[in-house]
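The values are calculated or read from the model by the stated rules, or taken from the named source; none is laboratory data. Given the structure is predicted, the values throughout are model-derived calculations rather than measurements. Every residue, glycine among them, receives a Cβ derived from its backbone with ideal geometry; neighbour counts consider all protein chains shown.
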Protein chains: 2
Amino acid sequence: MTLPSNQPSPCSESCCRGDSTPAERVALAVTLCRERGARLTAVRRQILELLWESGRPTGAYELIETLRGEGLRKVGPPTVYRALEFLMAQGLVSKVQSRNAYVPCAHPERRHDCLFFICADCGASAELEDPRIEQLLANDANDMGFRMNRRVIEVEGTCRSCVAAQPI
Amino acid sequence: MTLPSNQPSPCSESCCRGDSTPAERVALAVTLCRERGARLTAVRRQILELLWESGRPTGAYELIETLRGEGLRKVGPPTVYRALEFLMAQGLVSKVQSRNAYVPCAHPERRHDCLFFICADCGASAELEDPRIEQLLANDANDMGFRMNRRVIEVEGTCRSCVAAQPI
DNA sequence: GCGGAAAATGTTATAACATTGCGTTTTGCC
DNA sequence: GGCAAAACGCAATGTTATAACATTTTCCGC
């Protein structure tokens, strides 16, 4: 499958691997980490799994609650934050800065910053890639003599299904 | 002055009102608020002033410190957060989500979300407007049936002068 | 000016998010 | 098996933000 490189590609929708199960997502993560010689330990894997199952940006303390509830584990904040740090370093998870929450990344095999559309109504988030925006940002940075590292793009609004469900 | 509408316009640089003093910035804010029937009270004005004087994204608690230091006031967090909320509602200030910090806006007269370039080295931030990026985001949102409200775009990197100052 | 409503601010406490420091356990490797 | 490095558990604490309620200030019609 080859996409024209100047088109945006939605990544949490029905295309891409949008229909993959959390288990499949985690399996991919396991493979990637093995290839990279990175250690996807039990806690780390569990947290990634929870994020995929959650389906929306999830806070660190919410993850702690869930872990404590489901397991026998006694996890503290540092454990979770360290795991999230690892997952972010591997490109498996991204932080939604405007919500202090974390989402799993649809394309961990490619290293890129994510672009998120977050529904204020249902809380769901969709990941998108739009190389045209990347390009413009890169150009703007270049024009200013600015050397770009990371970038955050987050759009807040109402998703299709919540718009549809709304009263006039 | 008429700018071609499809060009990005840097707003904390030497163009735009980049050479305005904090006092001039505050004066503009006073005018705008008067026009709008919004009350730019003492605390609110002071905080806006501090932000302009600071020259970099500044945290709420840092503002509290400074206010306590310079004045006789006994300001608590709620006071500052309420003031920031007001200033943001008026488009006078914007929050840098990736830093939990606040910056004054170069163009309070126009209502728009800001795009920031933040130097990881010196902490300075530059505001930019790029209608082309806005347009692409709007199109992407539209394609997904997503109704867009707010958006956050923050680029982290190294600014021109810090790049220049760096060892090879 | 005066009284009442609305807005803004002060005050205390607490919620929510994140990190430090240090000791213990697990893992990879020779 | 033994060692070093990495990961984890744990307690405390730091940082950012808000809730709830009392008090003060401002606006506005009279």
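Things to note:
- When we screen A:Ala42, A:Ala23, A:Ala38, A:Ala27 for residues that are of a type in the set (A, V, I, L, M, F, W, C), at pLDDT 70 or above and surrounded by 13 or more Cβ atoms within 10 Å (Cβ to Cβ), the only hit is A:Ala38.
- The condition of being charged (D, E, K, R), out of contact with any Lys or Arg (no Cβ under 6 Å at 6 or more places or on another chain) and farther than 16 Å from A:Asn100 by Cβ holds for only one of A:Glu65, A:Glu53, that being A:Glu53.
- Test: residue in the range A:98-114 that is within 16 Å of DNA strand D (Cβ to nearest atom), hydroxyl-bearing (Ser, Thr, Tyr) and closer than 16 Å to B:Glu154 by Cβ: yes
- Test: residue in the range A:47-57 that is touching a residue at least 12 places away in the same chain (Cβ under 8 Å), away from DNA strand D (no atom under 16 Å from the Cβ) and either of a type in the set (D, E, K, R) or in a strand (DSSP E or B) (or both): yes
- Strands (runs of 3 or more DSSP E) within the range B:93-168 that include 3 or more residues within 30 Å of A:Arg160 (Cβ to Cβ) and more than 7 Å from chain A (Cβ to nearest Cβ): B:93-96
- Top-ranked residue in the range A:87-101 [being crowded, with 20+ Cβ neighbours inside 10 Å and among the hydrophobic types (A, V, I, L, M, F, W, C); ranked as nearest to DNA strand C (Cβ to nearest atom)]: A:Ala101
- Pick from the range A:80-97, criterion within 14 Å of DNA strand D (Cβ to nearest atom) and among the polar types (S, T, N, Q), ranking: farthest from B:Glu154 (Cα to Cα): A:Gln90
- Which numbered condition B:Gly69 misses (of (1) within 28 Å of A:Ala126 (Cβ to Cβ); (2) part of a helix (DSSP H, G or I)): (1)
- Residue in the range B:117-130 that is within 16 Å of DNA strand D (Cβ to nearest atom), surrounded by fewer than 16 Cβ atoms within 10 Å (Cβ to Cβ) and farther than 22 Å from A:Val155 by Cα present: yes
- The range B:50-72: number of residues that are within 10 Å of DNA strand C (Cβ to nearest atom) and either surrounded by 14 or more Cβ atoms within 10 Å (Cβ to Cβ) or within 14 Å of another protein chain (Cβ to nearest Cβ) (or both): 1
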